[in-house]
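What follows is a single structure, written as structure tokens, with notes after it.
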Amino acid sequence: MNKFVDFAIQVFRGKSIYRILFNWQVAKYCQNLKGRCLDLACGGEPSYYKYLFLANISELIKTDYNNDKKPDLNIDLNKKLVFKNKSFDNIFLFNAIYIIKKPEDLIREIYRILKKDGRFFMASPFIFNEAKEPDDYRRLTSQGLKRLLKKGGFKKFKIISFGERASAGVHLWHPFFLFNFVRFFAFSKALFLDKLVPKKVRKLHPCSLGYFVIASR
């Protein structure tokens with residue numbers, strides 16, 4: 001689908017600018033997945049499933065702490081995961097690391113259940129409102145994510161920034177955009193202004209809306 005058309009569709013469905021940019025990371029980096037997949041903290045039927053190419057996977061297990069979301073399995077991510085060692089080819093942890101009491105323990109568990117050469121995908125908001133789901137403990141910088149991944153056992157990973165000052169600011173103002181056509185104008189302008197931030201500034205003093213992580217065992 002044309003990116004502009006997809007952008008318009010997401011805006012007029014009420015998606016936040018964070019959700020739009022996050023979905024685009026999924027579309028770009030989570031293609032051609034194979035084997036057994038685990039989605040931790042997926043909620044109900046998340047919008048990013050539209051952007052996952054799942055034709056070649058053998059199994060997708062959806063988990064969440066909230067049974068009202070009707071996951072395949074109800075789990076508490078603050079406890080040891082119930083899965084066997086090296087049992088998944090791909091693991092997703094999207095927009096949930098901030099609710100975990102001891103994130104290092106969870107990352108170690110993810111490393112344990114990921115197969116050799118398997119991939120772990122994570123998204124973490126940075127400039128974001130407080131979101132108690134049911135808790136909210138942290139926002140991680142790129143350095144914080146790097147430290148977390150290393151403590152969890154990962155040595156091979158890539159941390160991708162998405163969004164910048166303008167989109168971050170617009171996201172915080174999202175509740176005030178009562179009409180979709182206003183969102184469309186505001187989001188479009190924010191994405192344009194993000195591109196005007198000098199590369200040197202983005203490198204030395206980033207102000208990311210969020211980070212997308214790809215790690216492998």
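The values are calculated or read from the model by the stated rules, or taken from the named source; none is laboratory data. Quantities reported herein were computed from a predicted structural model and do not represent experimental measurements. Don't worry about glycine lacking a Cβ; one is built from the backbone with ideal geometry, like all the others, and counts go over all protein chains shown.
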- Single match in F120, F126 (criterion: under 20 Å from P206 (Cα atoms), under 15 Å from the mean Cα position of the chain (by Cα) and of a type outside the set (A, V, I, L, M)): F126
- Message: So, restricting to strands (runs of 3 or more DSSP E) that lie completely within the stretch 1-101, which ones have at least 1 residues that are without any contact (Cβ under 8 Å) to a residue 24 or more places away in the chain, hydroxyl-bearing (S, T, Y) and farther than 20 Å from S216 by Cα?
- Response: none
- Is it the case that the stretch 55-72 has a residue that's modelled with pLDDT under 95, among the acidic types (D, E) and under 17 Å from K115 (Cβ atoms)? yes
- Just name the residue that is surrounded by the fewest Cβ atoms within 10 Å (Cβ to Cβ) out of those in the stretch 27-51 that are under 22 Å from P103 (Cα atoms) and among the aliphatic types (A, V, I, L, M). A41
- Query: Does the stretch 94-104 contain at least one residue that is under 21 Å from L52 (Cβ atoms), touching a Leu at 6+ places or on another chain (Cβ under 6 Å) and at pLDDT 95 or above?
  - Reply: no
- Message: Out of S208, S161, S188, I need the residue that is in a helix (DSSP H, G or I), hydroxyl-bearing (S, T, Y) and surrounded by 12 or more Cβ atoms within 10 Å (Cβ to Cβ). Which one?
- Response: S188
- Considering only residues of the stretch 72-98 that are closer than 16 Å to R138 by Cβ and touching a Lys or Arg at 6+ places or on another chain (Cβ under 8 Å), which is surrounded by the most Cβ atoms within 10 Å (Cβ to Cβ)? I97
- Can you find a residue in the stretch 133-141 that is closer than 30 Å to R165 by Cα and without any contact (Cβ under 8 Å) to a residue 24 or more places away in the chain? yes
- Item | Members of the stretch 1-40 found to be within 23 Å of K116 (Cα to Cα) and within 12 Å of the chain's Cα centre (by Cα), listed by number | V26, Y29, C30, D39, L40
- Note on the structure: Picking from F120, F154, F128, the residue that is surrounded by 13 or more Cβ atoms within 10 Å (Cβ to Cβ), among the aromatic types (F, W, Y) and in a strand (DSSP E or B) would be F120
